[in-house]
Each structure stands twice: as C-alpha cells, then as structure tokens.
Amino acid sequence: MAHGAHRTPLLPPRPDLGLARDCEVCLGWGTVVTRDGDHELCHACQAAPADDRDAIPSD
Ligand SMILES: [Zn+2]
C-alpha cells in the first residue's frame, strides 16, 4: 500500500466491477470522474454505499 499523498480525504471508491460491466455510463469502470477530478462511484450501476437505505439486494 503506497501512502504518498495525504490530500485525499476519501479513499478511492471500490466499485463492484460485476455491476459496472454492462454500464454505459462508466464504461465498466464502476467509477466516474467528476469535473473536479474526483473519483466517485458510478451512480448508474453502483449502489450507494450504506446511506440511509438498505433495500438494495446484494448478490
Ligand atoms: Zn456505471
């Protein structure tokens, strides 16, 4: 594990590539890059990680 930069407040998102596979939004990456250059989970295929809802069936 390389810990060089400490400016990133959040760990890189860890998308489920199985879900991202057929996604046209993120092209299979599971993450998208915002205009600020931040990586975030693709809203189209990645379920929101434990927000308020727990109704998302996991495989
Ligand atoms: Zn996606």
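How about the stretch 15-34: which of its residues are part of a loop (DSSP other than H, G, I, E, B) and either within 13 Å of residue 47 (Cβ to Cβ) or within 8 Å of the ligand (Cβ to nearest atom) (or both)?
Answer for the stretch 15-34, where residues must be part of a loop (DSSP other than H, G, I, E, B) and either within 13 Å of residue 47 (Cβ to Cβ) or within 8 Å of the ligand (Cβ to nearest atom) (or both): 15, 16, 23, 24, 25, 26, 27, 28, 29, 30.
As an exercise: evaluate residue 41 against (1) out of contact with any Leu (no Cβ under 9 Å at 6 or more places or on another chain); (2) at pLDDT 95 or above; (3) surrounded by 15 or more Cβ atoms within 10 Å (Cβ to Cβ) and give the number of the one condition it does not meet.
Tallying (1) out of contact with any Leu (no Cβ under 9 Å at 6 or more places or on another chain); (2) at pLDDT 95 or above; (3) surrounded by 15 or more Cβ atoms within 10 Å (Cβ to Cβ), residue 41 fails exactly one: (2).
The values are calculated or read from the model by the stated rules, or taken from the named source; none is laboratory data. As the structure is a prediction and not an experimental result, all values here were calculated from the model. Quick reminder, even Gly has a Cβ in these numbers, built from the backbone with ideal geometry, and neighbours come from all protein chains shown.
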